[in-house]
Structure formats: structure tokens, C-alpha cells
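Since the structure comes first, as C-alpha cells, the remarks are kept for the end.
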Amino acid sequence: MSIFNKFPYIVIEGPIGCGKTTLAKMLADQFPVDYLSEKAQANPFLPRFYQEPQRYALPTQLFFLFQRANQIADLNQRDMFARPIVADFFLDKDPIFARLNLNDEEYALYHQIYQHLQLKAPKPDLVIYLQTPVDALMDRIESRNVSYELEIRRDYIEGLANAYSEFFHNYNTSPVLMVNNEKLNILNNPGALDLLLSRILQIKGQREFFNPNFD
């Protein structure tokens with residue numbers, strides 16, 4: 001049985017550098033599903049945000065909000081018999097970045113726009129949270145060598161990783177598989193993806209943990 005027979009709408013989540021886009025693309029290549037991408041590179045404010053966070057936090061956040069609003073509108077219009085979906089983001093995580101990066105006045109404006117848009121996204125059938133140590137996140141960001149990402153400060157990644165952990169500690173809208181992603185190298189270890197797929201098929205509860213060990 002395919003994981004998408006069991007979970008037709010799967011979201012992969014985690015901080016920058018965790019590998020969520022890589023995993024989502026690999027699943028989209030292996031299974032007959034539609035791939036919904038965050039398309040962070042399409043945000044013209046993102047490179048400037050990493051250089052001057054206080055100045056560009058609000059336009060960066062609002063661009064992502066409107067981008068996701070369009071993607072959610074497309075999701076809501078899908079036929080119930082359409083192909084399954086794998087996505088490397090979901091709307092519920094927006095407040096993570098909004099609270100982390102915006103001051104109180106900016107957040108109030110953001111929240112007002114969010115409410116005005118009346119965004120109601122479909123509930124994922126499964127969220128896979130790639131929980132990754134900060135050292136590993138920094139190493140992966142450096143190794144992929146995207147010029148503007150090299151501007152990211154370690155303290156920002158630490159704050160982001162903590163915010164994600166807190167968010168998923170309290171998240172109960174959809175079933176969650178929390179994956180210890182430190183050693184799950186799906187790019188370089190051919191067996192890693194198969195191991196993850198096998199674990200997904202075993203999910204029975206609302207919140208489960210996967211701690212693969214390749215030693």
C-alpha cells in the first residue's frame with residue numbers, strides 16, 4: 001500500500017535546512033501525486049530580509065502570506081477525486097515566522113490582513129515534522145551554498161528551531177510524525193527513504209516519533 005492511499009494530503013515541515021523540500025520532491029518523483037511547493041525563491045524580499053531583518057521582515061512575511069493564499073485557493077477548488085498531494089509547507093506555520101520576525105505593530109497589521117483574507121486551508125492527513133539539530137541545519141545551509149542564505153545568523157536558526165519545536169509540541173490539528181532528522185540522509189543513503197516510508201505506513205496514533213539510527 002502507498003503512503004498516499006493512507007494519507008492523501010501529506011505536508012513536510014521543519015526549519016530552513018531540514019530537507020523538507022528535498023523529501024517532498026523525492027516523494028513527488030516516486031508517487032503519482034501533485035507537489036505543492038513553498039517557492040521561497042520567488043519572494044523578492046527574502047535575500048534582503050537575511051541582510052536587514054528588521055527592515056524587510058514585514059514585506060517578506062506579507063509576500064509569503066499572499067502567495068500561500070493563492071495556493072490555498074487552488075487547493076480548496078480541487079476535485080475530491082483529484083490526485084493526492086505532497087507539500088513542503090502549510091499555512092498553520094505562518095505565525096511561527098510572524099511572531100519571531102515582526103514587532104508588535106507589524107504583527108497586528110499582519111494579523112488583520114490574515115483575518116481579512118479569511119484563509120481556511122484543507123487539513124493535512126499527515127504532517128511530517130523533520131526535527132533537526134541546529135548544528136546540522138547550519139551545516140546543510142552552508143553546504144547548499146545559496147548566497148543570501150549564508151547571511152543567516154546562528155541565533156536566528158536557534159530561535160527558529162525552538163519556535164518550530166514549541167509549535168509542534170502544541171499542534172494537534174492533524175496526525176504528526178516527528179522525525180529525528182539528524183542521521184536520516186535521504187540524499188546519500190538509498191535505504192533512508194524506504195525506512196521512512198515503512199515507518200509512515202505503521203502510523204496509528206495522532207502523534208508519533210521516529211528516531212532512525214544508522215550506526
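For segment 105-119, the criterion of being under 19 Å from the mean Cα position of the chain (by Cα) and farther than 27 Å from Q41 by Cα is met by no residue.
Any chance you could count how many residues in segment 156-171 are closer than 13 Å to P133 by Cα and without any contact (Cβ under 8 Å) to a residue 40 or more places away in the chain? Counting residues in segment 156-171 that are closer than 13 Å to P133 by Cα and without any contact (Cβ under 8 Å) to a residue 40 or more places away in the chain gives 3.
Against the list (1) surrounded by 17 or more Cβ atoms within 10 Å (Cβ to Cβ); (2) at pLDDT 95 or above; (3) of a type in the set (A, V, I, L, M, F, W, C), the condition L201 fails is (1). Evaluated against (1) on the phi > 0 side of the Ramachandran plot; (2) assigned to a helix (DSSP H, G or I); (3) not hydrophobic (A, V, I, L, M, F, W, C), Y50 falls short on exactly one condition, (1).
Residues that are touching a Phe, Trp or Tyr at 6+ places or on another chain (Cβ under 9 Å) and of a type in the set (K, R) within segment 92-129 comprise K93, R99, K123, listed in sequence order. Being free of Cβ contacts under 8 Å to residues at least 12 places away in the same chain, among the polar types (S, T, N, Q), within 28 Å of L46 (Cα to Cα) and surrounded by fewer than 17 Cβ atoms within 10 Å (Cβ to Cβ) is a property that holds for S143. F31 meets each of the listed conditions (1) more than 17 Å from the chain's Cα centre (by Cα); (2) crowded, with 21+ Cβ neighbours inside 10 Å apart from (2).
In the set A69, A82, A73, only one residue is surrounded by fewer than 19 Cβ atoms within 10 Å (Cβ to Cβ), in a loop (DSSP other than H, G, I, E, B), out of contact with any Cys (no Cβ under 8 Å at 6 or more places or on another chain) and free of Cβ contacts under 8 Å to residues at least 60 places away in the same chain; that residue is A82.
Of all the criteria given as (1) modelled with pLDDT under 90; (2) closer than 21 Å to K25 by Cα, the one not satisfied by A73 is (2).
Among the criteria (1) part of a helix (DSSP H, G or I); (2) closer than 18 Å to I12 by Cα, the one I186 does not fulfil is (1).
Residue under question is L126, and the condition is that it be surrounded by 12 or more Cβ atoms within 10 Å (Cβ to Cβ) and at pLDDT 90 or above; does it hold? Against the criterion (surrounded by 12 or more Cβ atoms within 10 Å (Cβ to Cβ) and at pLDDT 90 or above), L126 qualifies.
The values are calculated or read from the model by the stated rules, or taken from the named source; none is laboratory data. Since the model is a prediction, treat every value here as computed from it, not as a measurement. So basically every Cβ, Gly included, is an ideal-geometry build from the backbone, and we count neighbours across all protein chains shown.
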